[in-house]
Amino acid sequence: QLRLVESGGGLVQPGESLRLSCTASGVTLDNYAIGWFRQAPGKEREEILCISSGGGITDYSNSEPGRFTISRDRAKNTVYLQGNSLKPEDTAVYYCAAKDRFCLGAWYGDIYWGQGTQVTVSS
């Protein structure tokens, strides 16, 4: 069974950058679409970006373009979420999730979720 692990979260100051990692032990992520999500206290979960098994990217962010990017390093079996110019409103628990192949479709049902990593943006 696929077990996703997020890492890279922590405390950063506004304007700084952070790179989060999503990986799996013993199972390749190559055949999965990987999405990055976040959930702040009192808010619903929101999807940020998704990268399909073929490398296509779907951007769900309502922020200004370019602050978040997603990438896949197949050699390292890792999907990254790069956040730049971080703001206090970016504070949330960030999750990665996997489903078969494609970013299209709802993120429910037969979905694999990581445990989440906390990102706090504060001065």
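The values are calculated or read from the model by the stated rules, or taken from the named source; none is laboratory data. Everything numeric in this text was worked out from a predicted model, so none of it was measured. So basically every Cβ, Gly included, is an ideal-geometry build from the backbone, and we count neighbours across all protein chains shown. Please note that ligands, DNA and RNA were not included when accessible areas were found on the heavy atoms of the full protein model with its side chains. Shrake-Rupley method; radii C 1.70, N 1.55, O 1.52, S 1.80 Å.
Looking at 61, 17, 25, which one is on the phi < 0 side of the Ramachandran plot, modelled with pLDDT of 95 or more and hydroxyl-bearing (Ser, Thr, Tyr)? Show your work before the answer.
Working: 61 fails: modelled with pLDDT of 95 or more; 25 fails: modelled with pLDDT of 95 or more.
Being on the phi < 0 side of the Ramachandran plot, modelled with pLDDT of 95 or more and hydroxyl-bearing (Ser, Thr, Tyr) holds for just one of 61, 17, 25, which is 17.
When the range 1-44 is filtered for residues that are farther than 23 Å from residue 58 by Cβ and in contact with a helix residue (DSSP H, G or I) (Cβ under 8 Å, 6 or more places away or on another chain), only 14 remains. Among the residues of the range 32-48, those identified as of a type outside the set (Phe, Trp, Tyr) and either open to solvent by 10 Å² or more (accessible area, probe 1.4 Å) or more than 12 Å from the chain's Cα centre (by Cα) (or both) are 38, 39, 40, 41, 42, 43, 44, 45, 46, 47. Looking across the range 73-91 at every residue that is open to solvent by less than 60 Å² (accessible area, probe 1.4 Å) and in a loop (DSSP other than H, G, I, E, B), the one that is nearest to residue 52 (Cα to Cα) is identified as 77.
Of the strands (runs of 3 or more DSSP E) lying entirely inside the range 1-69, those carrying at least 3 residues that are closer than 14 Å to residue 119 by Cα are 10-12, 18-24, 32-39. Restricting attention to the range 92-123 and to residues that are in a strand (DSSP E or B) and aliphatic (A, V, I, L, M), the residue that is farthest from residue 8 (Cα to Cα) turns out to be 98.
Does the range 1-22 contain any residue that is small (Gly, Ala, Ser) and out of contact with any Leu (no Cβ under 9 Å at 6 or more places or on another chain)? Within the range 1-22, not a single residue is small (Gly, Ala, Ser) and out of contact with any Leu (no Cβ under 9 Å at 6 or more places or on another chain).
Among the candidates 2, 49, single out the residue that is touching a residue at least 60 places away in the same chain (Cβ under 8 Å) and of a type in the set (A, V, I, L, M).
Every option except 2 fails the conditions.
Any residue that is under 30 Å from residue 123 (Cα atoms), hydroxyl-bearing (Ser, Thr, Tyr) and open to solvent by 50 Å² or more (accessible area, probe 1.4 Å) - is there at least one of those in the range 24-31? Scanning the range 24-31 turns up no residue that is under 30 Å from residue 123 (Cα atoms), hydroxyl-bearing (Ser, Thr, Tyr) and open to solvent by 50 Å² or more (accessible area, probe 1.4 Å). Residues of the range 89-104 that are touching a strand residue (DSSP E or B) at 6+ places or on another chain (Cβ under 7 Å) and over 15 Å from residue 2 (Cα atoms): 90, 91, 92, 93, 94, 102, 103.
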